[in-house]
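Just below is one structure, and these are the notes that go with it.
The values are calculated or read from the model by the stated rules, or taken from the named source; none is laboratory data. All figures in this text were calculated on a predicted structure; none of them were measured in a lab. Heads up, the Cβs are rebuilt from the backbone with ideal geometry, glycines too, and the neighbour counts pull from every protein chain shown.
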Amino acid sequence: MITMMMNRVYICHDCFARWHLSFSLSSLQQVRRLLLCKRGHHAGRSRSLLSISTIAQPQPQSTSPPGKIPLSSLTPCDISYYWDTPAPNERQLSYADQFFTPSRHSPIKLWSASKFRTTPVSSTEPEVAFLGRSNVGKSSLMNGLMGREMCWTSSRPGRTREMNAFGIGGKKGGESKVVLLDMPGYGNASRAEWGTEIMKYLKDRKQLRRAFLLVDSAHGLKPLDNDVLSLFRSHAIPHQIILSKVDKLLVKNKKAKSTSTSTSDLAKLQKTLQDLGPVVQPDGRLEGPGALGEILTCSAETEMSFGKGRLLGVSAIRWAILAAAGFDGTLEAAHTSSSTTTVAS
């Protein structure tokens, strides 16, 4: 939350900690960026404000053209929408990236199954599943999350034909801490029987903690997407929306590798996310619990300038996975919590 009076900006401590006012933007651009923080982000929180002069110190010159924002400076609050949950801070994002850092024992391929009855029943690790229409970018996102090319990717829809499970966070002599499932896509080039087996898994898998539904940002929710959301609600399956391929909205120049977006394109993305909120979280008294009150985003191709191979939104999605699985503390605390949960179950 910010308030501007005369030449001073009044900003809550949470936002100040997140942005640090260190962007290489003009004072006006800084204020505009901070205004993107959602009102819901501060619901029920202390409204303690910090006063910051907008003219007290000279700002460094921006290296981006006027009206442009570097992709590397975008935060989760810029490209995602949080209204029921707090956005992750820098410490939490760093922890999530550390958790997913590839090693000799992580990630690993655990199993593949074309039918629910052939999935391992003895595993105790928390699982999260990724679903979406064919060619929505599930496998590409999972490769970005895991930091390695573990999933087959193809421009041809329907490349994923089985449920593929990958272990994350494993150490020498130990099991993985979290399991990611890449599910076959539905819609074009998919098979009807895949939908049946996927629903069996989603309804009956005790290890499942959350289903992440990817929606193409360029096309929005399709009828099949709405059908899946309705099934999620009717069966009370915990789920969350990820808007994929947002770089298509933020970066208009397809011929050159862009490192910035315009303030107008960023505002359009924010408007899209806000409009999607009440659609994916309707009145729970009618159908059942809706999606989690945060919509995340990811890119298809655009790499962050501060890290080779990094896609937009990956760190925030990693944090959401850990929060769903109960690994949202320190690495040591998460391991202890996991062991306790396993014994209790």
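Take S112 and tell me if it is among the hydroxyl-bearing types (S, T, Y) and in a helix (DSSP H, G or I). Criteria not met by S112. The set of residues from the range 204-251 being closer than 21 Å to V314 by Cα and of a type in the set (S, T, N, Q) comprises S217, Q240, S244. Hey, could you check the range 219-249 for residues that are under 15 Å from K138 (Cα atoms) and among the aliphatic types (A, V, I, L, M) and say which is surrounded by the fewest Cβ atoms within 10 Å (Cβ to Cβ)? Looking at residues that are under 15 Å from K138 (Cα atoms) and among the aliphatic types (A, V, I, L, M), I get L243. A count restricted to the range 276-298 and to residues that are assigned to a loop (DSSP other than H, G, I, E, B) and touching a strand residue (DSSP E or B) at 6+ places or on another chain (Cβ under 8 Å) stands at 4. For the range 98-119, a residue qualifies if it is charged (D, E, K, R) and either in contact with a strand residue (DSSP E or B) (Cβ under 8 Å, 6 or more places away or on another chain) or modelled with pLDDT of 95 or more (or both), and exactly one does: K109. When restricted to residues that are assigned to a helix (DSSP H, G or I) and of a type in the set (A, V, I, L, M), the range 222-263 contains 6. Looking across the range 288-304, the residues that are closer than 23 Å to G144 by Cα and at pLDDT 90 or above come down to L292, E294, I295, L296, T297, C298, S299. Answer with yes or no whether G277 is modelled with pLDDT of 95 or more, assigned by TED's automatic domain parsing to the domain that holds G137 and surrounded by 18 or more Cβ atoms within 10 Å (Cβ to Cβ). Considered against the rule, which asks whether it is modelled with pLDDT of 95 or more, assigned by TED's automatic domain parsing to the domain that holds G137 and surrounded by 18 or more Cβ atoms within 10 Å (Cβ to Cβ), G277 comes out as yes. Would you confirm whether any residue within the range 186-204 is surrounded by fewer than 18 Cβ atoms within 10 Å (Cβ to Cβ), at pLDDT 90 or above and closer than 24 Å to L296 by Cα? Yes; the residues of the range 186-204 include at least one that is surrounded by fewer than 18 Cβ atoms within 10 Å (Cβ to Cβ), at pLDDT 90 or above and closer than 24 Å to L296 by Cα.
Restricting attention to the range 256-292 and to residues that are basic (K, R) and more than 18 Å from the chain's Cα centre (by Cα), the residue that is nearest to Q240 (Cα to Cα) turns out to be R285. Of all the residues in the range 205-218, those that are farther than 28 Å from T119 by Cα and surrounded by fewer than 15 Cβ atoms within 10 Å (Cβ to Cβ) number 1.
Contact map, the range 268-284: residues that are farther than 16 Å from L296 by Cβ paired with residues that are not aromatic (F, W, Y), Cβ distance under 6 Å, separation 6+ or inter-chain. Pairs shown: P282/G290; G284/G290. Exactly one residue out of A96, A113, A129 is of a type outside the set (S, T, N, Q) and more than 15 Å from V178 (Cα to Cα), and it is A113. With respect to S140, is the statement that it is at pLDDT below 95, farther than 13 Å from W319 by Cα and under 16 Å from the mean Cα position of the chain (by Cα) true? So S140 passes the test. Filter the range 63-74 for residues that are out of contact with any Pro (no Cβ under 9 Å at 6 or more places or on another chain) and surrounded by fewer than 21 Cβ atoms within 10 Å (Cβ to Cβ); which is modelled with the lowest pLDDT? So, considering only residues that are out of contact with any Pro (no Cβ under 9 Å at 6 or more places or on another chain) and surrounded by fewer than 21 Cβ atoms within 10 Å (Cβ to Cβ), the one modelled with the lowest pLDDT is P65.
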